[in-house]
Amino acid sequence: SRTDPPQGGTDAEKHRDLLVAENERLRQEVKVRDGELRELRRQQAACWDCTHLQENAGLQERLCQLQREAEEARAKLSELELEVQQKTNRLAEVELRLKDSLAERAQEEERLSRRLRDSQETIASLRAQPQHVKYIIKTVEVESTKAKQALCESQSRNQYLQEQVGMQRQVLKEMEQQLQSSQKTAAQLRAQIAMYESELERAHGQMLEEMQAMEDEKNRAIEEAFSRAQVEMKAVHENLAGVRTNLLTLQPALRTLTHDYNSLKRQVRDFPLLLQETLRSARAEVSARGRPGAPLPAWLWWVAEPRPPVQIGQAIEEVNSTNRELLRKYRRELQLRKKCHNELVRLKGNIRVFGRVRPITKEDGEGPEAASAVTFDADDDAVLHLLHKGKQVSFELDKVFPPQASQEEVFQEVQALVTSCIDGYNVCIFAYGQTGAGKTYTMEGTSANPGINQRALQLLFSEVRSKAADWDYAISVSVAEIYNEALRDLLGKEPQEKLEIKLCPDGSGQLYVPGLTEFSVQSVEDINKVFEFGHVNRVTECTNLNEHSSRSHALLIVTVRGLDRSTGLRTTGKLNLVDLAGSERVGRSGAEGSRLREAQYINRSLSALGDVIYALRSRQGHVPFRNSKLTYLLQDSLSGDSKTLMMVQVSPAEKNSSETLCSLKFAERVRSVELGPVSRKAELTSWPSQEQLERGLCPISPQGDVPGSSSRSHASPSPGLPSGRATSIRRKLQTSG
Ligand code: ADP
Ligand code: MG
């Protein structure tokens, strides 16, 4: 209870009251004893020698005792008083504490009552709220234990969340700090960027100026080059015009010559008959001398007058000499024409096309199938005629070798090309044709009768020897094969490995084949060893050499490096001798699988070769070297001022006539590509693919005309020199003869 004094306080007060009362009583007793003492002293004085003295002594003794007792009581009293004092102090203290706690209580009460009021107000306001709220409250009340639990959980969750919030706040603070620092960095970077930008702008300005300067320089250079090119072009055009007029003037001369020649031929053919006739009639006339006046036939003018037989012989001699003279003239004109053609070939990019017809062999069998379908012109070694399906088709190439032409003769026509390799020219010699037409015979030959490959190297050796006084030469060879567009090194340790063609890293634009073996050779023995090694590699890599070699391109690459000791001049010439894969049309015969794939690769690469030669000869800006491994590998040796020879091999047997026709068409197209005006080049029709050669373009038209070449001359814009010109001259010769 609030009014109750503290227990300690009450006891102390009671004790004090008791002590006070005791004190009072002791004081009263001390007073009484004092009175008694005084009475006794008076009595003592009155009766000193009375008996009372004893009594007095007793009493005094008693008094002393009492006084001691009083003293003790006093000490006890003061002790008690001290105690009382202490207790009083404690009481005061306790009272103070009590007062404090009372004040606290009052405050607490105040606070509680305030809360009570608040709660009452809240309750009142809650009561005033709508019913559903009450319901919820009820529910809440009902589920109060659950709710309490939930509340507890929520509180703990709340606690946790608050902690989280605290943590997040911390993180936020850190991030803000980071942000501030990044903003600072960003500002710095921006400043740097601005600096760089200004620098960049300056550099850009400089670059623009430089570019402008370079542009100006370039324009100047282009203009110079253009004017130079124009001058050169003019010269070339003049040259060409000269050649053309030459050719054009030659044409009528040739025609009259041909006419003369043919009439002479007829006369010569008829001459023995005529002679016999004349002699007979002369004899008749001589025997009829006895009957003068008998008439003679008019055509016997030269025997009309009676002449001796010597005169007749003279006349024959005259005719013969005229005949010879005419033939001589005709041959001279032919040679002139050939010279013009050679000039034209040079202008057209140094691509020559030869044909070689192999003899009929045992393999061709017997009977009409094995008969020769090819005939030649005795007076013109550039022409050959093919009998195909009963019709004769004529072709003119740069040179045609008949079956009896020896390896030596063939090589004589080729050797100028080979030696130009020593002077630093790149040369390509291809053998083209169907399998069995003699490609390998021409390129490799037999050991008894070697072909171009070995003869070329022999010639190179002897040429090099003859120049040894001034020049140092090194000759090296590589032997490679392209099969299904894979290039293989036949002199390498791993002939199975596929090689890649790469651009020289020195930026010269030259191509090279990393890993392609090059053997340095110095003698014919060296070459033979190299060839044998390559041959062994080729044989071990395939099951059937004949089949394999007919489906792959075999390459012998000879490199001739020269150094002129006096001037220090260096030359490098390359001679590429290529035995091409068989050109026969396999696709038609329903080949499947790997055979078909091989055929497709061959078709594609031979077409690519045709495309490249076509582009080179028509001097197109873009030459599609990269369309096949073969042309890509030989790019250096086909472009620029390099020289190319296509040796088209022909099998004369009747049964091969359609393949032969295709090969010769390929040859004629390669040869007859025309040099048109520069601006019109793009209009030239593109080279027919190998497949086109096979399909649409092979059958001949009823006139025996070559559809491919005539269509090209339509597309050709130049009226001066249609591509078929040389051929058409030849045809006229044929028809008039
Ligand atoms: P390809 O290489 O085109 O398939 P080959 O060179 O193997 O053809 O020739 C086939 C056959 O014809 C061989 O037996 C070869 O000796 C023979 N042959 C080819 N050309 C001639 C030639 N001009 N003289 C003699 N025989 C030849
Ligand atoms: Mg062969």
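Compute the Cα gyration tensor for the range 358-412, then decide on rounded, prolate or oblate, letting a ≥ b ≥ c be the square roots of its eigenvalues: rounded whenever a/c is under 1.5, prolate when a/b is larger than b/c in the other cases, and oblate in all that remain. Oblate shape, in that a/c is at least 1.5 and b/c is the bigger or equal ratio. Peptide packing for 430-443, 10-23, 564-577 was compared via the average number of neighbouring C-beta atoms within 10 Å per residue; ordered from the highest value, the list is 430-443, 564-577, 10-23. Computed on protein heavy atoms with a 1.4 Å probe, the accessible areas place Met647, Met167 in the order Met167, Met647, largest first.
Which percent of the Cα-Cα distances in the range 351-672 go past 26 Å?
47 percent
In this structure, the pairs whose alpha-carbon distance is over 23 Å, taken from Lys339/Lys574; Lys265/Lys329; Lys339/Lys389, are Lys339/Lys574; Lys339/Lys389. The label point for Ala57 and the one for Ala106, both projected 7 Å from the Cα toward the Cβ, are 7.4 nm apart. Straight-line reach from Lys362: taking Cα to Cα under 18 Å and skipping same-chain neighbours fewer than 8 places apart, the lysines in range are Lys439, Lys655. Between Thr435 and Ser583, Glu584, the built amide H atoms are under 5 Å apart, and every one of these is 5 or more places off in sequence or on another chain.
Sorting the segments 649-661, 237-249, 115-127, 618-630 by their residues' average number of neighbouring beta-carbon atoms within 10 angstrom, most packed first, yields 649-661, 618-630, 237-249, 115-127. Taking a point 7 Å out from the Cα of Asp564 in the direction of its Cβ, the residues of the range 387-424 whose backbone N falls within less than 13 Å of it are 423-424.
Residue by residue, the range 487-502 carries 3J(HN,Hα) couplings of 9, 10, 8, 7, 9, x, 6, 10, x, 6, 5, 8, 9, 10, 9, 10 Hz when phi is fed to the Karplus relation 6.51 cos²θ - 1.76 cosθ + 1.60 (θ = phi - 60°); x denotes Gly or Pro.
The values are calculated or read from the model by the stated rules, or taken from the named source; none is laboratory data. Only a predicted model underlies this, so the values are computations on that prediction, with no experimental measurement involved. Cβ coordinates were reconstructed from backbone atoms using ideal geometry, including for glycine residues, and neighbour counts include every protein chain displayed. To get the accessible areas, we keep the full protein, side chains included, count just its heavy atoms, and leave off ligands, DNA and RNA. Shrake-Rupley method; radii C 1.70, N 1.55, O 1.52, S 1.80 Å.
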